[in-house]
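The structure under discussion appears below in the form of structure tokens.
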Amino acid sequence: MKRKIAVISVICGSLLIGGVLATGCAPASSQSGQLSDVDQALNAAATYSFAVDGGDIDLVMSIFAEDPHVVCEAWGWDADGREAVRELYVGIIGSWSEGRHDPSNFHFEYQGDDKLICNHYWYWHANDNAGVCWGGEGTYYREFVKEDGVWKIQYQEIVPTWFEEVAAWP
């Protein structure tokens with residue numbers, strides 16, 4: 001039986017206010033049995049945003065499955081496996097002095113009982129290490145699998161619509 005979950009529109013602030021554990025950026029492994037499937041996936045998205053923006057590689061990796069794959073064709077990324085994904089994110093985190101993700105418009109759909117698909121929009125504004133301001137937006141496509149009772153990202157594709165230098169940090 002195929003289960004579908006309606007579109008859920010949220011912004012980062014709503015994720016926090018809505019009771020998602022991202023305020024403390026709790027690793028996904030600590031949430032087993034506490035959150036619904038969708039809440040776990042929303043928490044993973046919020047945790048990802050805060051961890052990347054905050055430069056916490058261990059927290060970034062806590063939301064990925066044991067065999068993750070991260071792709072962004074536009075930026076030439078294709079990291080397959082835990083060490084490759086970690087190396088990719090160490091480089092990403094190291095290249096920005098500050099950043100702010102704003103995820104929104106989440107859509108979830110089950111594929112059987114063992115896979116949860118999520119699509120959502122993102123906006124990101126950041127300063128690189130040279131002090132240049134950047135802005136961009138696009139879509140995340142994520143496939144979640146359950147590990148030890150917790151939904152974690154196994155596959156993530158980032159599709160930027162635009163990403164360019166902007167005049168100033170807001």
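The values are calculated or read from the model by the stated rules, or taken from the named source; none is laboratory data. These figures come from a predicted structure and were not determined experimentally. Glycine gets a Cβ as well: all are built from the backbone with ideal geometry, and neighbour counts include every protein chain shown.
Considering region 92-117, and only residues there that are within 24 Å of GLY136 (Cβ to Cβ) and acidic (Asp, Glu), the residue that is surrounded by the most Cβ atoms within 10 Å (Cβ to Cβ) turns out to be ASP102. Does ALA126 meet the test of being modelled with pLDDT under 95, over 11 Å from the mean Cα position of the chain (by Cα) and either surrounded by fewer than 16 Cβ atoms within 10 Å (Cβ to Cβ) or at positive phi (or both)? It is false that ALA126 is modelled with pLDDT under 95, over 11 Å from the mean Cα position of the chain (by Cα) and either surrounded by fewer than 16 Cβ atoms within 10 Å (Cβ to Cβ) or at positive phi (or both). What's the number of the condition ARG142 fails, among (1) farther than 18 Å from ILE93 by Cα; (2) at pLDDT below 95? ARG142 satisfies all of (1) farther than 18 Å from ILE93 by Cα; (2) at pLDDT below 95 except (2). Against the conditions (1) closer than 19 Å to GLU137 by Cβ; (2) surrounded by 16 or more Cβ atoms within 10 Å (Cβ to Cβ); (3) not small (Gly, Ala, Ser), TYR89 satisfies every one except (1).
So which helices (runs of 4 or more DSSP H) are wholly in region 1-116 and hold at least 1 residues that are at pLDDT below 95 and aromatic (Phe, Trp, Tyr)? Quick ask: steps written out before the conclusion?
Values: elements: 12-17, 37-54, 57-62, 82-94.
Because the criterion is at least 1 residues that are at pLDDT below 95 and aromatic (Phe, Trp, Tyr), the helices (runs of 4 or more DSSP H) in region 1-116 that meet it are 37-54.
For region 125-156, the set of residues classified as among the aromatic types (Phe, Trp, Tyr) and closer than 22 Å to ALA84 by Cβ consists of TYR140, TYR141, PHE144, TRP151, TYR155, listed by residue number.
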